[in-house]
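Undergrad: Handing you this structure, nothing more for now.
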Amino acid sequence: MDYENDTAWVRGMLYPDENLLWAGKPGKGHFFRREDAVLLLPLLPFCAFAALWICLSIRHGAPLIGTLWGVLVFSACLYWTLGRVIVKRIREKKNRYALTSQRIIIQTGRISKSLDLNYLPRVTVTRFADGNGDIRFGESENIFKRMGFGYERTYTSPLAELANIPDVNGVAYRIRNAVDQALRARLQAQENE
């Protein structure tokens, strides 16, 4: 793919004194992730129970409302176990990311989000075995605080993330350098005032 055409979406968003340092989009693979398993495992018994409910109500000729109730519960469980992950990955494939000399731009569909490099929240890099990975910025909330069997397991959702980035270490290094340069420029501007 031509780099100029691939970065045309971000060129119109740049400030006059801003330079594009990197642009990318999610790579392929890594369908299921740790945060998906956090919701998947507790809901599997509910899916199994709802499937059993539907089978037994059909076999024993239960009223239609009982069967429909089982179908409703099974459908909700199926969405929260598999459908949610599928929808998230389809949306993720449409994401585009850019690193400029002043900010990180994340475009999801028609919505763009910018993170100023001078005020970047905590950065966490997760690297997969093939070199792809996620770069997450900040934490918003704990989804689960306790996951049974007497041990703590927490997962916090990020405020923003660059998901499934090819060569995640290289991109993280570019972000770190851009943050350092932005900080130096800000300090120099303050000294000149």
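Undergrad: Among Leu40, Leu44, which is without any contact (Cβ under 8 Å) to a residue 60 or more places away in the chain, assigned to a helix (DSSP H, G or I) and more than 25 Å from Arg127 (Cβ to Cβ)?
TA: Leu44
Undergrad: Test Pro26 against the stated conditions and say whether it is at pLDDT 80 or above and assigned to a loop (DSSP other than H, G, I, E, B).
TA: yes
Undergrad: Next question, about the same structure. Kindly provide the set of residues from the stretch 151-177 that are modelled with pLDDT under 75 and part of a loop (DSSP other than H, G, I, E, B), ordered by number.
TA: If the condition is that a residue be modelled with pLDDT under 75 and part of a loop (DSSP other than H, G, I, E, B), then Tyr151, Arg153, Thr154, Tyr155, Pro158 are the ones that fit.
Undergrad: Answer yes if at least one residue in the stretch 47-67 is touching a residue at least 12 places away in the same chain (Cβ under 8 Å), closer than 30 Å to Asn177 by Cα, out of contact with any Gly (no Cβ under 8 Å at 6 or more places or on another chain) and in a helix (DSSP H, G or I), and no otherwise.
TA: Looking for residues that are touching a residue at least 12 places away in the same chain (Cβ under 8 Å), closer than 30 Å to Asn177 by Cα, out of contact with any Gly (no Cβ under 8 Å at 6 or more places or on another chain) and in a helix (DSSP H, G or I), one finds none in the stretch 47-67, hence no.
Undergrad: Output the residue which, of all residues in the stretch 95-118 that are over 17 Å from Gln181 (Cα atoms) and outside any strand (DSSP E or B), is nearest to the chain's Cα centre (by Cα).
TA: My answer is Asn95.
Undergrad: Among the listed residues Pro63, Pro26, Pro16, Pro45, which satisfies the condition of being touching a Lys or Arg at 6+ places or on another chain (Cβ under 7 Å) and either surrounded by fewer than 17 Cβ atoms within 10 Å (Cβ to Cβ) or not hydrophobic (A, V, I, L, M, F, W, C) (or both)?
TA: Only one candidate qualifies: Pro26.
Undergrad: I need the full set of residues from the stretch 9-24 which are among the aliphatic types (A, V, I, L, M) and farther than 23 Å from Gly133 by Cβ, in order please.
TA: The answer is Met13, Leu14.
Undergrad: Count, please, the residues in the stretch 77-113 that happen to be surrounded by 15 or more Cβ atoms within 10 Å (Cβ to Cβ), small (Gly, Ala, Ser) and either in contact with a helix residue (DSSP H, G or I) (Cβ under 6 Å, 6 or more places away or on another chain) or modelled with pLDDT under 90 (or both).
TA: So the count comes out to 1.
The values are calculated or read from the model by the stated rules, or taken from the named source; none is laboratory data. Just so it is clear, the model here is predicted, and its values are computed rather than measured. When we count neighbours, we look across all protein chains shown, and the Cβ atoms used for this are built from the backbone with ideal geometry, even at glycine.
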